[in-house]
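Quick notes on the structure that follows.
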Amino acid sequence: MSLCVYCISRLRFSDIGGMAEVDEQRVCIKFCVRLGKTGSETFEMLKQAFGDSCMSRSRTFEWFGRFKNGRTSTANDDRSGRPSTATTPSKVEEVRAAVNQDRRRTIHDLCAEVGIGYGSCQRILTEQLNMHRIAAKFVPRVLTQDQKDSRVAICQELKETVINDPTLLLNVITGDESIVYAYDPETKLQSSQWKSPASPRPKKARMQKSKLKTMLICFFDQEGIVHREFVPPGMTVNADFYCDVLRRLRENVRRKRPQKWQNQKLIIHHDNAPAHRSFKVSQFLAKNSMTVVPHPPYSPDLAPCDFFLFPKLKLRMKGRRFDTIEEIQEESQRVLDTIPKRDFQGCFQAWQKRWDRCIRAKGEYFEGDGGI
């Protein structure tokens with residue numbers, strides 16, 4: 001008997017991971033029949049191995065008799081009755097047409113319209129049409145065709161410009177503004193932890209971002225941070241304030257990037273925020289010979305600050321609490337100082353790859369690799 005118990009236990013824990021499925025129990029019964037065990041011995045060993053999941057005594061004896069009489073298959077017998085006609089090609093096409101008409105329809109809705117059962121409809125969707133239901137993804141905007149075309153055109157223009165002048169990106173300084181909170185809830189991945197089967201599942205309260213916050217303005221190039229500052233509380237980033245920011249940026253370029261300053265090749269990249277594209281800012285940039293890299297509207301996936309710098313900064317600060325604006329600012333600057341030069345260089349390389357991905361996506365927001 002010890003040999004049978006050993007084999008049944010091995011089957012139980014290696015093949016089914018502790019789940020006593022009926023088919024596996026039938027395999028055990030078949031094994032016991034070949035060893036010459038009786039029906040009672042077989043049932044006792046099943047109870048010992050599978051516990052509460054063990055099949056009933058009558059079912060055990062029924063399958064014991066079948067195997068003893070020469071049966072080899074452990075599968076259920078085919079059911080009698082009329083064969084199902086729900087998954088015919090015509091029904092599959094009906095389901096496909098109904099889904100294409102409205103992709104938010106539930107399986108119950110499709111069953112009522114096509115006239116088939118729930119299980120048949122589910123099999124058609126998953127097995128025949130290879131579909132699965134997913135939630136809609138948040139994107140910055142539902143792009144119009146003109147906006148998609150603009151994204152493609154600008155990416156192609158930037159790509160061709162870099163091909164003609166491989167050193168162009170060495171002179172680009174990109175920047176933007178972003179809000180940093182005193183408390184930003186940690187991500188689901190950050191809150192995960194190891195647990196054993198016996199330990200309870202960890203819990204955390206649903207938290208919201210704090211009202212205490214500060215706005216960071218940051219510019220960087222392939223060598224690192226060129227200029228950073230925080231907007232004073234109660235002040236908004238309008239055209240006048242942004243011109244002052246650009247003056248301080250120029251002064252930092254003169255001190256930190258003397259080669260760029262001497263060559264007078266200051267190429268600025270920023271998004272299309274109202275302050276950035278105001279007439280006063282455009283005049284300031286033209287007067288100081290600062291070229292602007294074009295940026296398509298509603299395209300944070302093509303802005304280095306949005307897909308690289310700010311996510312890297314905020315991920316390090318998620319789940320931590322700061323009591324004052326000064327503490328937020330000090331920690332923000334400390335985190336920015338820890339970003340190595342190779343990461344900034346990798347950001348500009350990733351930027352070029354994103355141009356290609358946007359072109360291949362025909363202007364749509366692309367997914368994966370940090371996309372939207």
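Only the coordinates and a few stated rules stand behind these numbers; no lab work does. The structure presented is a predicted model; accordingly, all values stated were derived computationally and were not measured. Neighbour counts run over all protein chains shown; Cβ positions are idealised from the backbone, glycine included.
Could you pull out every residue, at least 5 positions away or on a different chain, whose amide H is within less than 5 Å of the one on Ile268? Hs are placed 1.01 Å off N in the peptide plane, and Pro or chain starts have none.
The answer is Ile173, Thr291, Val292, Val293.
Could you check the simple spin-label distance between Thr126 and Glu157, using points 7 Å along Cα→Cβ, in nm with one decimal?
Reported label-point gap for Thr126 and Glu157 is 4.9 nm.
Which entries of Lys211/Lys318; Lys137/Lys213; Lys209/Lys314; Lys260/Lys287 have Cα-Cα distances beyond 21 Å here? Show your work: numbers first, answer last.
Values: Lys211/Lys318 15 Å; Lys137/Lys213 27 Å; Lys209/Lys314 12 Å; Lys260/Lys287 17 Å.
Those over the limit are Lys137/Lys213.
Label points 7 Å out from Cα along the Cβ direction at Thr338 and Lys256: separation in nm?
The modelled label-to-label distance comes out at 1.9 nm.
How high is the relative contact order of the chain, in percent, with contacts defined as C-alpha pairs under 8 Å that are six or more residues apart?
Working: 375 pairs, mean separation 62.0, N = 372.
Relative contact order here is 17 percent.
By how many nm would the segment from Arg277 to Ser40 grow when fully extended, if each residue of separation counts as 0.36 nm and the alpha-carbon distance is taken off?
Working: separation 237, 0.36 × 237 = 85.32 nm, distance 8.63 nm.
Here the answer is 76.7 nm.
Two decimals is fine: what's Rg over Rh for the chain, C-alpha atoms, Kirkwood radius as Rh?
1.20
Any idea what the relative contact order of the range 252-372 is, in percent, if you count C-alpha pairs under 8 Å spaced at least 6 apart? Mind showing how you got there, number by number?
Values: 70 pairs, mean separation 24.5, N = 121.
Rounded, it is 20 percent for the range 252-372.
Rounded to the nearest 20 Debye, what is the dipole magnitude of the range 128-173 about its Cα centre when Lys and Arg each give +1 and Asp and Glu each give -1 at the C-beta?
Details: 6 positive and 5 negative charges, 91 e Å.
That gives the range 128-173 a dipole magnitude of about 440 debye.
Output the relative contact order of the range 200-268, whole-number percent, from Cα pairs under 8 angstrom with separation of 6+ residues. Intermediate results must be reported in sequence, preceding the final value.
On the way: 38 pairs, mean separation 13.7, N = 69.
It comes to 20 percent, rounded to a whole number.
What are the chymotrypsin sites (Phe, Trp or Tyr not before Pro) within the range 138-228 that DSSP puts in a loop, where the Cβ has at most 14 other Cβ atoms within 10 Å? List each step's numbers first, then the result.
On the way: sites: Phe138, Tyr181, Tyr183, Trp194, Phe219, Phe220; in loops: Phe138, Tyr183, Trp194.
Sparse-neighbourhood loop chymotrypsin sites (Phe, Trp or Tyr not before Pro): Phe138, Trp194.
At R0 = 35 Å, how high is the FRET efficiency between Lys47 and Glu186 if r is their beta carbon distance? Nearest 0.05 is fine. Working shown, then result.
Details: r = 47 Å, r/R0 = 1.35.
Efficiency, rounded to the nearest 0.05: 0.15.
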